[in-house]
Structures are given as structure tokens and as C-alpha cells.
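Read the structure below first, then the notes.
The numbers here are math on the coordinates, done by the rules we state, and not lab data. All values derive from a computational prediction rather than experimental measurement. In this analysis, Cβ positions are derived from the backbone assuming ideal geometry, glycine residues included, and neighbour counts consider all displayed protein chains.
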Ligand SMILES: [Zn+2]
Ligand SMILES: [Zn+2]
């Protein structure tokens, strides 16, 4: 048995005297030491399990002992025991269990792979169908252990996924009568205290790839009107892209209905609430939102606004009068062809219909009072000093705030209408 007190290095070594190569060599050697020590600890844990040591100390299992003795969290203790029992033969009750991952154990004993490598291999092994013969399974394990010796854990994850896909293919070929299982997908969500929707889930490979394909172009950086750099971090751009995708989906003509109605947001506002008094506007009769947000939503023709008088009576349900008709929408799309904000490239089916004179202030839902804006520029129009107007030639244009352009020269988007053709 190696003497664990005899280490080639110890804390307090005079590293400032070592040259560069010696430092790198020492880095590798200490890592091997750590990994071999982990492998040795695995053997110890398997032995404790086989001899029922925890029970003799009054513990339920090895995991509980590890947690208390080395003072780690339960998930860490569980992971160590899982690795130990997979790598080494042990006894469970009266049953002798063979090592499920002997090649991994051998590679680990050399100090060649990390705990993360072992976890990756074990995850793949756990997903190999029980119908695969033991000999074949051990062959796959050896392939992964050899790969782990030379590659980072992410590469072992990837190889594991490819291996599982291949095994699945082989099995389908062998037994074509058995239909493949349906894709495993999950989505869970909950509202938090800040009225944000938090979600978690997983998608099968095909839907996942589609998700990435759809989101990627929407998440590209979007420069400002004078080419200023997009400063949003990547995760924010992904979030914005996802919101835009939802907004676009809602506009789809053939969306399934519920109780005969296409899904539409309902904004309920009281006259007093609109002026910042009393209760705030409600989204879908349930979720309080700021007045500015309600105005932005109510501006777009697809949202149904309901205005209540001071005693709660319904003054106006915008449904009939306001919802831009399909013909109107089409005419708007033909005229603007996309977002009218200078430099924007979002085409018309990605746009919202903005009321130049606010709908709440009596602006009609007529073509002369509507311009197409993408979600991002619609928000900008409501929250900044940018404004829009209809020029004398009947074409929409945007007017920058004075801080942006002291002369406030109106600008047009030439993406869809090159300047020479008007
Ligand atoms: Zn608007
Ligand atoms: Zn835009």
C-alpha cells in the first residue's frame, strides 16, 4: 500500500525558484495525485459498503457517513458513492455486484481521468438499453474510458450521445416491429414575485435544433440608427429573441383557438388607473402592469384593451372598433413592408401596428394613423423621445430626439424602400 504521507510536493514548496517547465510539470503531477487519491477513496467507499461499516456506526448508508465525516453536501457525497459502486465490485445485502465500469476504474486508478470524466461515462452507461449484451456494453465502456484519457469531459459527453444514438439505430434495425418511443419533452413554468415568468424544460434533439435555428438570427446584434454597437449581453439577446418569437407566433393566422377565440392579450385599464391613480392596469384580468406598458400593449392592434370608468363600468371594449382588419393589416404591410425605424430589417409579419396618435388619446385605427414597428422599435417609440409621423407624401418617417440630432431631421427606413425609388 502506498504511503500517503510521502508526497512529491507539499504546500510551502519554494515555487518561486522553479522554472516555467517545472511549474507545468508540477501542475500535471499534482493533478494525477489528486485523481489517484480519488480513485483510492472510491475503493475505500466500496469496501465500506460491502462490509456494512456505516450500519455498525449507526448510519443508514455510506453516503451519510461521507457527508458527516468529510463535511460535504449530500449531492457531493451521493456522487462519490455512485462512482465508487459503479467502478468496484461490492456487496449489496447478500448480493455480490460486479463492477459496472471496470475500464473506467482502471483508467481512474492511473490518475488519468477526473470525477467529471467518470460521471460522463456513467451517465452514458446508464442509458444503454438493458437488451444490449453485457460484453457489448463493456466494449462501449472501454471506448469511452480510452477517449476520456485524452479528451475533455465535454467530448466524452458528445461521444456518449453519438454512441447511444447508434445503439438505438442498431436496435431499431434489429426489431423494426417496435415503434420508437415518443420524443421526451418537458416545459414547466411559474410566476415569481417580480411578475416574471421563470421556466425550465428540455427538448428532444430535433426540436432543440429547431429552437436554436429559429432563435439564432433573431438574437443577432442589432445596431442603432447611426450604427451604434448593440450593447446587450448574449443572454439578453437570446431572451429578447425568444419574446419576439412568441410575439410573431401570436400573429400567425392559423393559430389554434380556445373557446372559439384566437389567443389574444387583454389589457384592462380604468380611467383613473391610466392617470397613475388607484389600481394599475391588468393584463389578462390578473397581472398588474405599469401604465406605460399598458399603453404600449394597447397601441398594437392585436391586443384587446378594455377601458373601465371610475365606478368600474365598461366604457369601451376595443374589439370591434380597434382591431385592425385583415385587409387593413395587408394594406399596412404593402405600404411599409417592414419596421419603419431607420436601418431596421424586420419584415412586416414581424411587426406591430403602432398608433402615431395614441389610441388612448383618441387616435383612430386608420391607415393614416398606423405605422409598422418591430417589437424593439415599438418599445423605443413609447419609451424614448423618438416620434413618428406621416409625411406629406403619405409615407411614414421617424423623428429623432434633439440629443440624437439637434436639427431633428426626419428619417426613413431605406431597407424596404431604397431612397431613389421613394
Ligand atoms: Zn405604439
Ligand atoms: Zn425595427
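Measuring how big the range 28-154 is from its alpha-carbon positions, Rg and Dmax come out at 14.8, 42 Å. Between residue 82 and residue 250, take the C-beta separation as r, use R0 = 45 Å, and let me know the FRET efficiency to the nearest 0.05. Computed FRET efficiency for residue 82 and residue 250 comes out at 0.50. The range 97-147 and the range 348-391 have Cα centres separated by 60 Å.
In this simple spin-label model, placing a label point 7 Å from the Cα along the Cα-to-Cβ direction at both residue 24 and residue 43 gives a separation of 3.2 nm.
Compactness of the chain is given as radius of gyration and Dmax, 32.0, 93 Å, from Cα positions. Between residue 243 and residue 33, what FRET efficiency comes out of the Förster formula 1/(1 + (r/R0)^6) with R0 = 45 Å and r the beta carbon distance, rounded to 0.05? Taking R0 as 45 Å, the efficiency between residue 33 and residue 243 is 0.35.
Once the Cα atoms are used to define both axes, helix 134-150 deviates from the longest principal axis of the chain by about 80 degrees.
Cα axis of helix 20-51 to longest principal axis of the chain: angle in degrees, 0 to 90, nearest 10? Roughly 70 degrees between the two axes. Counting only alpha carbon atoms, the long axis of helix 234-250 and the longest principal axis of the chain meet at about 50°.
Fewest neighbouring Cβ atoms within 10 Å first, the residues 341, 199, 242 line up as 199, 242, 341. Which of 369, 192, 349 moves most in a GNM of the chain, Cα contacts under 10 Å? Answer for the Gaussian network model of the chain: 192.
Inter-label distance, residue 337 to residue 405: 2.0 nm, where each label sits 7 Å from its Cα along the C-beta direction.
Roughly speaking, what is the stretch gain from residue 94 to residue 206, that is 0.36 nm per residue apart minus the C-alpha to C-alpha distance, in nm to one decimal?
Details: separation 112, 0.36 × 112 = 40.32 nm, distance 4.49 nm.
Value of the extension gain: 35.8 nm.
For the chain, give me the percentage of DSSP beta bridges that are antiparallel, rounded to the nearest 5 percent. Write down the numbers at each step before the final one.
Working: 28 of 33 bridges.
The antiparallel fraction comes to roughly 85 percent.
Counted by neighbouring Cβ atoms within 10 Å, the residues 417, 377 run from fewest to most as 417, 377.
For a quick check: sort 269, 390 by the number of other beta carbons within 10 angstrom, fewest at the front.
Details: 269 23, 390 15.
Result, fewest neighbours first: 390, 269.
How far apart, in nanometres, would the label points at residue 345 and residue 264 be if each is projected 7 angstrom from Cα along the Cα-to-Cβ direction? Label-label distance for residue 345 and residue 264, simple model: 3.3 nm. Per-residue ellipticity at 222 nm from helix content only, as computed over the chain with -39500 (n - 2.57) for each DSSP H run of at least four residues, stands at -14000 deg cm²/dmol.
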